[in-house]
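Values in this text are rule-based calculations from the coordinates and carry no lab data. Not measured: the values here are computed from a predicted model. Heads up, the Cβs are rebuilt from the backbone with ideal geometry, glycines too, and the neighbour counts pull from every protein chain shown.
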Amino acid sequence: MIGDVPAGVMRQWRSWCLDPEYLFGVEDAQWRVTYAQLQQPILSLSFTDDEYMSARNIESLHSFYSGAPRTMRRVDPEALGAEHIGHFGFFRRRQGATLWPIVGDWLAASIR
């Protein structure tokens, strides 16, 4: 489903996913501090039909970036006229006309 991923990477990802605090529960505690110190603005698009990340997962992950201004947008594919976007769909060419301009506009506004 996600492609050819090395076994070690899958084991690490699995350990993160099984911990209630994701990677911060299993990796060096310094990572939590590093993420909290990030101050660059973050735009996050998540999708209601994501096979991997629920809204709760997204909110939990973003909470670790406590020092950064965060813009989180939860997108319903049907609202965009798309049948499916899912976890990886943003990167597919067919979403280029609807999703990519959202990011481009946000970036343009962020550098002003």
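General observations
- Spin-label pair Gln30/Ser60, simplified geometry with 7 Å Cα→Cβ offset, distance in nm: 2.6
- Distance between modelled label sites at His84 and Leu38, nm, 7 Å Cα→Cβ extension: 2.9
- The label point for Ser110 and the one for Leu18, both projected 7 Å from the Cα toward the Cβ, are 3.4 nm apart.
- Placing unit charges on the Cβ atoms only, positive for Lys and Arg and negative for Asp and Glu, gives the chain a dipole magnitude near 320 debye about its Cα centre.
- For the chain: rounded, prolate or oblate by the Cα gyration tensor [a/c cutoff 1.5]: oblate
- Charge tally in the Cβ shell below 9 Å around Leu45, where Lys, Arg are +1 and Asp, Glu are -1, Leu45 excluded: +2
- Hypothetical label at Tyr52: residues of segment 92-112 whose amide nitrogen lies under 15 Å (7 Å Cα-Cβ projection): 92
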